[in-house]
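Beneath this line is the structure, given in structure tokens, with notes to follow.
The values are calculated or read from the model by the stated rules, or taken from the named source; none is laboratory data. Just so you know, these numbers come straight off a predicted model, no measurement behind them. Glycine also receives a Cβ, built like all others from the backbone with ideal geometry; neighbour counts cover every protein chain displayed.
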Amino acid sequence: MSKRFSNDINIRNRQATFEFELLDKYVAGIVLRGTEIKSIRETKVNLQDGYCYFNHGELFVKGITIDQYAQGTHYNHEAQRERKLLLKRPELAKLEKRVEEKGLTLVPLRLFINDRGYAKLEIALGRGKKLHDKRNAIKDRDAKRELNKLKI
């Protein structure tokens, strides 16, 4: 395996913790096509605009960008497409009920490759934060930064 591919992939959506109050976390498999896994191993993924939705009892993620593989030919994948997520049936049923509640949504948190070499997507059930909650988060983050400066 060449140096540009790595098995210790951990791509995070840092914006999600700022925008949402996270309630539950789940790890789901993700259905990939063709050269998508090679682009993931090169960390050419953007999770910022991603969200999950249900369609006929199945969970899909939309808005995630997996850039096209540079050495891919006409077999290359679409960069922005819906991808199916794989969870157990009881988890899907539980999540579908919770998402129907007002103000709850499923947000992708991080994309990683597990020890068996499969791509996994960590998703969280979240409630959108209001503006004053975001201000408190910024205030807390700045206070931690100042404390760390004083310790050094």
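Observations on the model:
- Of Asn46, Asn13, all but one fail to be buried (at least 20 other Cβ atoms within 10 Å of the Cβ) and not basic (Lys, Arg); the exception is Asn13.
- Selected residue (only one of Leu59, Leu92 is modelled with pLDDT of 90 or more and not in a strand (DSSP E or B)): Leu92
- If only residues of the range 131-152 that are closer than 15 Å to Glu21 by Cβ and modelled with pLDDT under 80 are counted, the one that is surrounded by the fewest Cβ atoms within 10 Å (Cβ to Cβ) is Leu131.
- Residue count, the range 95-151 (criterion: more than 19 Å from the chain's Cα centre (by Cα) and part of a helix (DSSP H, G or I)): 23
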